[in-house]
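*Asks:* Next up is a structure, given as structure tokens.
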Amino acid sequence: MVDVGAKAHTHRVAVAEGRITMLPATLALIESGTAKKGDVLGIARLAGIMGAKKTADLIPLCHPIALTRVAIEFELLPAQNAVHCTATAETTGPTGVEMEALTAVQVALLTIYDMCKAADRGMEMTGVKLLEKHGGKSGSFVAGQFT
């Protein structure tokens, strides 16, 4: 692991996104709340938060972080037969939270897949990426902006 002991403790934020595409009928199940396994987005939200908290257990050499906030948001995209997920992770510490935000998105999307796979095994997760990060020595990063 990289030694972060001498790094300043600063407020750090990372935002990541991704989406899962599916059949229109699968999206309708999610929207109506009638999936056999229950509240798909509610459970996926909880799973994403739990995933962020377990990032250091999943990614080799990733520092365990005391997260101060994890938020998961979903947007249904009927025109694309998709669910868009955004995860925000925050901490005050010596290292960033990009991996936690990315892990949260992927775990949330995997949970949607798991909860709906009986109806649609062809779902596809795409576009998982870091949108922005703030804090620390390297400053800010916003996707698509060049500094």
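*Asks:* Taking a cut-off of 19 Å, what percent of all Cα-Cα pairs in the stretch 28-113 are separated by more than that? It would help to have the intermediate numbers written out before the result.
*Replies:* Working: 1431 of 3655 pairs.
Of the Cα pairs, 39 percent sit more than 19 Å apart.
*Asks:* Charges at C-beta only: +1 for Lys and Arg, -1 for Asp and Glu. How large is the resulting dipole of the stretch 18-146 about its Cα centre, in Debye rounded to 20?
*Replies:* Dipole about the Cα centre, nearest 20: 180 debye.
*Asks:* Keeping the other protein chains in place, figure out the carbon and sulfur percent of the accessible area of the stretch 1-135, with a 1.4 Å probe.
*Replies:* That fraction is 59 percent.
*Asks:* Still on this structure, I have one more. Based solely on its DSSP helices, what 222 nm [θ] is calculated for the chain when runs of n ≥ 4 H residues each add -39,500 (n - 2.57) and the sum is averaged over all residues, nearest 500 deg cm²/dmol? Intermediate values should be presented prior to the final figure.
*Replies:* Working: 4 runs with 46 residues, N = 147.
-9500 deg cm²/dmol, from helical runs alone.
*Asks:* Working from Cα positions, state the angle (0 to 90°, nearest 10) between the long axis of helix 40-53 and the longest principal axis of the chain.
*Replies:* Approximately 20 degrees, to the nearest 10.
*Asks:* In the full protein assembly as shown, how much of Met99 is accessible to a 1.4 Å probe, in Å² to the nearest 10?
*Replies:* 80
*Asks:* Tell me the volume per residue, in Å³, of the convex hull enclosing the alpha carbons of the chain.
*Replies:* In the chain, the Cα hull volume divided by residue count equals 107 Å³.
*Asks:* Moving on. Under the 0.36 nm per residue contour assumption, what length would be gained going from the current alpha-carbon distance of Lys117 and His63 to full extension?
*Replies:* The Lys117-His63 span can extend by a further 16.2 nm.
*Asks:* Please list Val128, Val83 from largest to smallest accessible area, probe radius 1.4 Å, with all protein chains kept in place.
*Replies:* From most accessible down to least: Val128, Val83.
*Asks:* Still on this structure, please answer the following. Find the all-direction average of the projected area of the Cα convex hull for the stretch 66-140, expressing the result in square nanometres with one decimal place.
*Replies:* 5.7
*Asks:* Compute the angle between helix 98-116 and the longest alpha-carbon principal axis of the chain, please, reported from 0 to 90 degrees and rounded to the nearest 10.
*Replies:* It works out to around 10 degrees.
*Asks:* Here's a follow-up. Which shape class applies to the stretch 1-47: rounded if a/c is under 1.5, otherwise prolate when a/b exceeds b/c and oblate if not, where a ≥ b ≥ c are the square roots of the Cα gyration tensor eigenvalues?
*Replies:* Prolate, since a/c reaches 1.5 and a/b exceeds b/c.
The values are calculated or read from the model by the stated rules, or taken from the named source; none is laboratory data. In this text the structure is predicted, and so the values were computed from the model without any measurement. We place every Cβ from the backbone using ideal geometry, glycine too, and count neighbours over all the protein chains shown. Note: areas computed on protein heavy atoms with side chains; ligands, DNA, RNA excluded. Shrake-Rupley method; radii C 1.70, N 1.55, O 1.52, S 1.80 Å.
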